[in-house]
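Written out below as structure tokens is the structure these notes cover.
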There are 4 protein chains.
Amino acid sequence: MGTMRALRKTSKGRGAGLEEIAIPEPGEGEVLVRVHAASICGTDLHIYEWNEWAENRIPRVPMTFGHEVAGWVEAVGPEVHHVQPGAFVAAETHIACGICSTCRTGRAHICRNLRILGVDTDGAFAGYVVVPAQNAWVVGEGIHPDHASVMEPFGNAVHATFGTEGGEDLPTNPVAVIGCGPIGLFSVAIARALGAWKVFAIEPNAERRALAGKMGADLLIDPSAEDPVEIVTRETDGNGAEVVLEMSGNAKAIDQGTRMLARGGRMSLLGLPDGPVTLDLNDQVIFKEAKILGITGREMFRTWQQTTTLLSTGRVDVSPVITHRFPLERFEEAFETAASGHAAKVIMFPGS
Amino acid sequence: MGTMRALRKTSKGRGAGLEEIAIPEPGEGEVLVRVHAASICGTDLHIYEWNEWAENRIPRVPMTFGHEVAGWVEAVGPEVHHVQPGAFVAAETHIACGICSTCRTGRAHICRNLRILGVDTDGAFAGYVVVPAQNAWVVGEGIHPDHASVMEPFGNAVHATFGTEGGEDLPTNPVAVIGCGPIGLFSVAIARALGAWKVFAIEPNAERRALAGKMGADLLIDPSAEDPVEIVTRETDGNGAEVVLEMSGNAKAIDQGTRMLARGGRMSLLGLPDGPVTLDLNDQVIFKEAKILGITGREMFRTWQQTTTLLSTGRVDVSPVITHRFPLERFEEAFETAASGHAAKVIMFPGS
Amino acid sequence: MGTMRALRKTSKGRGAGLEEIAIPEPGEGEVLVRVHAASICGTDLHIYEWNEWAENRIPRVPMTFGHEVAGWVEAVGPEVHHVQPGAFVAAETHIACGICSTCRTGRAHICRNLRILGVDTDGAFAGYVVVPAQNAWVVGEGIHPDHASVMEPFGNAVHATFGTEGGEDLPTNPVAVIGCGPIGLFSVAIARALGAWKVFAIEPNAERRALAGKMGADLLIDPSAEDPVEIVTRETDGNGAEVVLEMSGNAKAIDQGTRMLARGGRMSLLGLPDGPVTLDLNDQVIFKEAKILGITGREMFRTWQQTTTLLSTGRVDVSPVITHRFPLERFEEAFETAASGHAAKVIMFPGS
Amino acid sequence: MGTMRALRKTSKGRGAGLEEIAIPEPGEGEVLVRVHAASICGTDLHIYEWNEWAENRIPRVPMTFGHEVAGWVEAVGPEVHHVQPGAFVAAETHIACGICSTCRTGRAHICRNLRILGVDTDGAFAGYVVVPAQNAWVVGEGIHPDHASVMEPFGNAVHATFGTEGGEDLPTNPVAVIGCGPIGLFSVAIARALGAWKVFAIEPNAERRALAGKMGADLLIDPSAEDPVEIVTRETDGNGAEVVLEMSGNAKAIDQGTRMLARGGRMSLLGLPDGPVTLDLNDQVIFKEAKILGITGREMFRTWQQTTTLLSTGRVDVSPVITHRFPLERFEEAFETAASGHAAKVIMFPGS
């Protein structure tokens, strides 16, 4: 089918390189997507930098990486019935087996045989990418094509904000968002859109704190200068936050999250810490009857329906979070920007 | 009203002494209970031994301790309408304020101004004890009076087994109970009565493991000789336990609990660790979407209704757990037995 | 304590009369409230008109009626600890026994021995009213005193909108509100504030439909001119409304509600039909796996916390619903207005 | 592939005939099952008798009917990966599209494009039947092959007993089962196995009532001789049944079900009434805050996991419900028996 440009890890080390390789062909149950937008995730930074996690996790090189993606279906493989060429789709990046016990009980996103697009398979920083037809979500009207690649991390935020118990604790309750990278920023806006009050954004980076304000946070807290536990407790009449959304992965922040949590409150853990984390289970979890919920991926596909509604109706506007755009060939600049601390979400456009 | 014998902490140190003191009078909204049975809790052992926790937690001496109690209402104070003298009652030991935000939203057992019977107030190792009328649960038919003082720790087990999300994950699912003290032993039987399959009991003490077998455990695991994570994983076809009930408070066991937990599973934490606990949040909580639930006390009073039904209908028989009985004056023997590792629940009878 | 004016049913027939009667005294556990605002509920219209329901339900005359009320605590009876004279409070009107099995399991609003303020006791269309201290909700900052008497019916709307299962089906889902009296109008705004999309308001009265638009409805439907089932179905791509809030009590509308409900959807029934209602259970409930939830009163007091937040933060503005205000002596005009079809919520001010 | 015997509707009228027809071939994603056991459902009786429902619902004749089935996978079509020839499977009979909004949100059993095996497709009263590979549930150890065809109606009972809200209201609570056909009988045993107390079985047929006793009902009620509402109310201290499982489809019984329901209780509707049903929504649903849940099919495939555990561990023994067995050629006798009122579940064995 011709060739395409692809950003590839060619060796097990820092960096990546653009190569001209064959356009892949969709197999049975797969679709070929012509990439419009592919955004950079923290995972992509790890792969680019080739840290310890990448060394242990990436099965092979060379490989094309990138997984936050939207584009047009160019071709479909055999046994694809519900998506047609020409459809504009975003990709769910959790590739589930469909037959393990978690898949069979409606929890495919934590499939026992889970594979990840752009980690376990060739990814989306390229002219084209192959994804399972099941994973191709038709974007529909009302969502700007340039914003569609962020539906995947936005879905992370939706899932974390609702939690795995349904989100009934969110409306009219105080919510603390710890860590205002893109997912934290999305969460601030989602919590507001779902009726939370009041929303605390806790983030040491001043630029990101300012973005949190734009996304609707009621209070901005700089944990490098103030004590977030004290502020959240005081501003909630001593109750604490009914919901804490932990997006930083910082061990100290996780501990603080348990301390600012209200009695009977819920904490969603999404940020990935670097190593084991030490917690005061007695006073901060057991006597408090805290609920600590691990969060990964998105419910397939309830989260995508929620994401689509929030974005297409304008309930949430992601524009402020999309701070930078680059053509694919300027990938080095894109990665530097994403890692700089002066950006939120960075999107690359292979076709531009 | 005359005098009574009471087991008292007379000084801030090890031990306790029997004293003859005035029978207390019930105040407004309170009832006076003539104690039939008062059982020894781990908390009482801490108070008796006067460990660091007791030093920090007990507000004053002298004080009468003991809180697992059942007996007859002897007298009622002003403004008590629904309990009459002569009623046989067991005591809920969480004394709630009734007006804080957690109380006002149906979670009185985690009241912001919580006081504990026999810790913050004079307790039940005595001829008589005063409790708030609200906390006096009429035992009703079908429960042996000698067993009624264990309704309080049994209620802990009920609450932990159901969890704070309703217990829908329990029936037909594998459940691992870590730590087979009295509450763990009760949990084994409760899980079986609610349709769990299969129930793993993990406990290093051979006598307690044997009791777990009597209570209905399907598999007994000695964690000092075998790897409980490996066994639970293997015996569940690699899925792990859908529900883990952590009753040991042992840091290593808590870590193992997260490792034997199924993807999407739920872990109830009731056992109190000695200090902070270090956990692998990434692989054992976040990627797994585990739910970690702190558990304390009993729902007031849904748990008491459940407890009453389980015991009065014979769905659960607590007899095997009640290993020793003593008159109050043999308290030294009672405490030694309770601490010996050769006992489960020890009950004292002040009237015998 | 002197005398006050009170609007009284003096005989079992249409109408009511102002009388000068003794100011009541608060008993044990009760507070005396100096009434600032008392709004007219549909129930009050029934009592005023003395229809069949009133004939069967009202235990005795003479009696003062009215139950939607806010005012200042003037005095407190014995055993009242947490509310002080001078506090500005609104009244929960469900007076629960506190000791039946529903009360003891956190569902006091459906107490087996329920009494209603202003129906079973003397009510609030008067200078002063006595309410149990438990039922006095401190209004707090941010809510206009003139609006506080509508916290009770607003709470009905909150409870119906969340439903008894937690409200997780509300955000990002289409919601149909059938019947736009005050509670339906509140529900429109609440659903919007909690992130629902899209909100259909179904109401034959053009003035009320216009108010629904002001409260945030996305689509206004006149069921006397259009087929609401067809419109809701079409506007939801054939799925139907995930949530239907039935506020009309109209038998035909209830049937239509089940027909516009999505597969797996939830319908809250709050409007009281005049008689038995005939439903197509097979196609509209069973094959669809509909959830039909009866709704009455407010969760005590979770709903009041939610109400307070929604109103005090400005998430919902009730001003458009409060269409008329009268001093108490103009009660005849007030009742005529409330019954006219040209009003939404009518408030009387005894002190003005 | 040769020919097989099949019980066919050859015309739109009463009865059916055995024909020798070609063994079907499995298409893409399908498996061919050699039928071991196929049991008769009420739906099959309707098709056999060709009542009004059948006239309207069955798309075409000739067709092979029957859908409760278990057997060995004989062959698999293209794109079938997880089931192999030789596996012993039972069939889920709801054939879902996989791509509609209910399917995409984990509710495939109420798929918008639902087809039913043996109703919309050729069924299982034959030597062989084709089913989608997705619908083939590997039975596993511990379940007698002769019992495996009843996993489908047993799953109905499991789903109705848990309800769509998770079943947390079941353990330790009184449960009334109305109608003791096979699904009602299964429900009695399931409720007992999940810790319900006490279980009322309401059924006019004396033989079926006796079977309900064998399945573990605590109280047997003959609604033709006694008032079930009065008995259930009295035997629950005036509270009513926390859970009512309506399996009869009888309009009067449905009304009685609402009346025996506790305040805040839950009623699962599974039995299909002949026509519209009239209910007292005010007193029996709204003021009571009843939850009325429509129930159809089985959760795919959580219910199958639950079913497998309940049967394979012996928690429930279905033997008493399987009252009759016939070879396929004695189908007339089988259908007469099933319709006679002297049978519960009747199974035909095509291979015998």
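Considering only residues that are away from every other protein chain (no Cβ under 14 Å), under 23 Å from residue A:59 (Cα atoms) and open to solvent by 20 Å² or more (accessible area, probe 1.4 Å), which ones fall in region A:128-156?
Across region A:128-156, the qualifying residues are A:128, A:130.
Conditions: (1) open to solvent by 10 Å² or more (accessible area, probe 1.4 Å); (2) more than 30 Å from residue A:217 (Cβ to Cβ); (3) outside any helix (DSSP H, G or I). Residue C:265 meets all but one. Number of the miss?
If we test residue C:265 against (1) open to solvent by 10 Å² or more (accessible area, probe 1.4 Å); (2) more than 30 Å from residue A:217 (Cβ to Cβ); (3) outside any helix (DSSP H, G or I), just (1) comes out false.
Does region A:149-163 include one or more residues that are more than 30 Å from residue A:252 (Cβ to Cβ) and not β-branched (Val, Ile, Thr)?
Here is the first cut: in region A:149-163, the residues more than 30 Å from residue A:252 (Cβ to Cβ) are A:149, A:151.
Subsequent filtering for residues that are not β-branched (Val, Ile, Thr) retains A:149, A:151.
Yes, there is a match, as at least one residue in region A:149-163 is more than 30 Å from residue A:252 (Cβ to Cβ) and not β-branched (Val, Ile, Thr).
Six or more apart or on different chains, Cβ atoms under 6 Å: show the pairs whose first residue is in region B:187-207 and in contact (Cβ under 8 Å) with a residue 40 or more places away in the chain and whose second is open to solvent by 20 Å² or more (accessible area, probe 1.4 Å) and among the acidic types (Asp, Glu).
none
Out of (1) aromatic (Phe, Trp, Tyr); (2) surrounded by 20 or more Cβ atoms within 10 Å (Cβ to Cβ); (3) away from every other protein chain (no Cβ under 12 Å), the odd one out for residue B:326 is which?
(2)
Could you tell me whether residue D:222 is of a type outside the set (Ser, Thr, Tyr) and out of contact with any strand residue (DSSP E or B) (no Cβ under 9 Å at 6 or more places or on another chain)?
Details: of a type outside the set (Ser, Thr, Tyr): yes; out of contact with any strand residue (DSSP E or B) (no Cβ under 9 Å at 6 or more places or on another chain): no.
It is false that residue D:222 is of a type outside the set (Ser, Thr, Tyr) and out of contact with any strand residue (DSSP E or B) (no Cβ under 9 Å at 6 or more places or on another chain).
Answer with yes or no whether residue D:247 is surrounded by 22 or more Cβ atoms within 10 Å (Cβ to Cβ), under 15 Å from residue D:177 (Cα atoms), within 16 Å of the chain's Cα centre (by Cα) and more than 8 Å from every other protein chain (Cβ to nearest Cβ). Explain how you work it out, then say what you get.
On the way: surrounded by 22 or more Cβ atoms within 10 Å (Cβ to Cβ): yes; under 15 Å from residue D:177 (Cα atoms): yes; within 16 Å of the chain's Cα centre (by Cα): yes; more than 8 Å from every other protein chain (Cβ to nearest Cβ): yes.
For residue D:247, the condition - surrounded by 22 or more Cβ atoms within 10 Å (Cβ to Cβ), under 15 Å from residue D:177 (Cα atoms), within 16 Å of the chain's Cα centre (by Cα) and more than 8 Å from every other protein chain (Cβ to nearest Cβ) - is met.
Just to verify a result, which residue in region C:306-323, among those that are part of a helix (DSSP H, G or I) and within 12 Å of chain A (Cβ to nearest Cβ), is farthest from residue D:291 (Cα to Cα)? So that I can check it myself, show each step before the final result.
In the first step, residues of region C:306-323 are kept if they are part of a helix (DSSP H, G or I); the result is C:306-312, C:319-321.
When the remaining residues are screened for being within 12 Å of chain A (Cβ to nearest Cβ), the result is C:306-312.
Working: C:306: 22, C:307: 23, C:308: 27, C:309: 27, C:310: 26, C:311: 29, C:312: 31 Å.
So, considering only residues that are part of a helix (DSSP H, G or I) and within 12 Å of chain A (Cβ to nearest Cβ), the one farthest from residue D:291 (Cα to Cα) is C:312.
Kindly indicate whether residue C:150 is touching a Gly at 6+ places or on another chain (Cβ under 8 Å), farther than 26 Å from residue D:173 by Cα, not in a loop (DSSP other than H, G, I, E, B) and not polar (S, T, N, Q). Please lay out each step first, then the result.
On the way: touching a Gly at 6+ places or on another chain (Cβ under 8 Å): no; farther than 26 Å from residue D:173 by Cα: yes; not in a loop (DSSP other than H, G, I, E, B): yes; not polar (S, T, N, Q): yes.
For residue C:150, the condition - touching a Gly at 6+ places or on another chain (Cβ under 8 Å), farther than 26 Å from residue D:173 by Cα, not in a loop (DSSP other than H, G, I, E, B) and not polar (S, T, N, Q) - is not met.
For region A:181-231, which positions are of a type in the set (Phe, Trp, Tyr) and buried (at least 24 other Cβ atoms within 10 Å of the Cβ)? Write out each step before concluding.
Let us first name the residues in region A:181-231 that are of a type in the set (Phe, Trp, Tyr), namely A:186, A:197, A:200.
Once the filter is applied, which keeps residues that are of a type in the set (Phe, Trp, Tyr) and buried (at least 24 other Cβ atoms within 10 Å of the Cβ), region A:181-231 yields A:186, A:200.
Just to be sure I understand the filter: pairs with C-beta atoms under 6 Å, separated by 6 or more residues or on different chains, first member in region B:104-133 and closer than 24 Å to residue C:299 by Cβ, second member open to solvent by less than 20 Å² (accessible area, probe 1.4 Å) and of a type in the set (Phe, Trp, Tyr). Which pairs pass?
B:104/C:301
Anything in region A:250-262 that is surrounded by fewer than 19 Cβ atoms within 10 Å (Cβ to Cβ) and either within 10 Å of chain B (Cβ to nearest Cβ) or assigned to a loop (DSSP other than H, G, I, E, B) (or both)? List them, or say none.
Across region A:250-262, the qualifying residues are A:251, A:255.
Name, by its number, the condition in (1) away from chain C (no Cβ under 14 Å); (2) buried (at least 17 other Cβ atoms within 10 Å of the Cβ); (3) of a type in the set (Asp, Glu) that does not hold for residue B:49.
(2)
Does residue D:93 satisfy being among the β-branched types (Val, Ile, Thr), within 14 Å of chain B (Cβ to nearest Cβ), closer than 26 Å to residue C:265 by Cα and in contact (Cβ under 8 Å) with a residue 12 or more places away in the chain? Even if it seems obvious, please write down each step before you answer.
On the way: among the β-branched types (Val, Ile, Thr): yes; within 14 Å of chain B (Cβ to nearest Cβ): no; closer than 26 Å to residue C:265 by Cα: yes; in contact (Cβ under 8 Å) with a residue 12 or more places away in the chain: yes.
No, not satisfied.
Within region C:79-120, take every residue that is among the β-branched types (Val, Ile, Thr) and out of contact with any Phe, Trp or Tyr (no Cβ under 9 Å at 6 or more places or on another chain) and give me the one that is nearest to residue C:155 (Cα to Cα).
C:93
Return the residues of region C:106-127 that are surrounded by fewer than 19 Cβ atoms within 10 Å (Cβ to Cβ) and not basic (Lys, Arg); say none if nothing qualifies.
Let us first name the residues in region C:106-127 that are surrounded by fewer than 19 Cβ atoms within 10 Å (Cβ to Cβ), namely C:112-113, C:115-116, C:120.
Selection gives C:113, C:116, C:120.
Would you mind stating whether residue D:165 is assigned to a helix (DSSP H, G or I), touching a strand residue (DSSP E or B) at 6+ places or on another chain (Cβ under 9 Å) and of a type in the set (D, E, K, R)? First the steps, then the outcome.
Details: assigned to a helix (DSSP H, G or I): no; touching a strand residue (DSSP E or B) at 6+ places or on another chain (Cβ under 9 Å): yes; of a type in the set (D, E, K, R): yes.
Considered against the rule, which asks whether it is assigned to a helix (DSSP H, G or I), touching a strand residue (DSSP E or B) at 6+ places or on another chain (Cβ under 9 Å) and of a type in the set (D, E, K, R), residue D:165 comes out as no.
Which of the residues belonging to region D:157-173 are more than 9 Å from chain B (Cβ to nearest Cβ) and either open to solvent by 10 Å² or more (accessible area, probe 1.4 Å) or not hydrophobic (A, V, I, L, M, F, W, C) (or both)? Outline the logic, then answer.
If we filter region D:157-173 for residues that are more than 9 Å from chain B (Cβ to nearest Cβ), which is where we start, we get D:157, D:159-161, D:163-164.
Answer for region D:157-173, where residues must be more than 9 Å from chain B (Cβ to nearest Cβ) and either open to solvent by 10 Å² or more (accessible area, probe 1.4 Å) or not hydrophobic (A, V, I, L, M, F, W, C) (or both): D:159, D:161, D:163, D:164.
Name the residue, out of B:303, B:337, that is buried (at least 22 other Cβ atoms within 10 Å of the Cβ) and part of a helix (DSSP H, G or I). Reasoning before the result, please.
On the way: B:337 fails: buried (at least 22 other Cβ atoms within 10 Å of the Cβ).
None of the others qualify; the one that does is B:303.
I'd like to know if region A:106-128 contains one or more residues that are in contact with a Gly (Cβ under 6 Å, 6 or more places away or on another chain), at pLDDT 95 or above and at positive phi.
yes
Consider residue A:99 against the criteria (1) open to solvent by 50 Å² or more (accessible area, probe 1.4 Å); (2) within 24 Å of the chain's Cα centre (by Cα); (3) free of Cβ contacts under 8 Å to residues at least 12 places away in the same chain: it satisfies all of them except one. Which criterion is unmet?
Residue A:99 satisfies all of (1) open to solvent by 50 Å² or more (accessible area, probe 1.4 Å); (2) within 24 Å of the chain's Cα centre (by Cα); (3) free of Cβ contacts under 8 Å to residues at least 12 places away in the same chain except (2).
Please list, ordered by first then second residue, the pairs with beta carbon atoms under 6 Å, 6 or more apart or interchain, first in region A:251-269 and in contact (Cβ under 8 Å) with a residue 12 or more places away in the chain, second open to solvent by 10 Å² or more (accessible area, probe 1.4 Å) and among the polar types (S, T, N, Q).
Final answer for the pair search is A:258/A:284; A:259/A:284; A:262/A:239.
Could you tell me which residue of region C:232-244 is nearest to residue D:269 (Cα to Cα), considering only residues that are open to solvent by 10 Å² or more (accessible area, probe 1.4 Å) and assigned to a helix (DSSP H, G or I)?
C:233
Looking at region D:277-293, I want the residues that are more than 7 Å from every other protein chain (Cβ to nearest Cβ) and have a partner that is open to solvent by less than 20 Å² (accessible area, probe 1.4 Å) and in a helix (DSSP H, G or I) with Cβ atoms under 8 Å, at least 6 apart or on another chain. Which pairs are those?
Correct list of pairs: D:284/D:258.
The values are calculated or read from the model by the stated rules, or taken from the named source; none is laboratory data. Just so you know, these numbers come straight off a predicted model, no measurement behind them. Neighbour counts are summed over all protein chains in view; Cβ atoms, including those assigned to glycine, are modelled from backbone coordinates with ideal geometry. Accessible surface areas use protein heavy atoms only, side chains included; no ligands, DNA or RNA. Shrake-Rupley method; radii C 1.70, N 1.55, O 1.52, S 1.80 Å.
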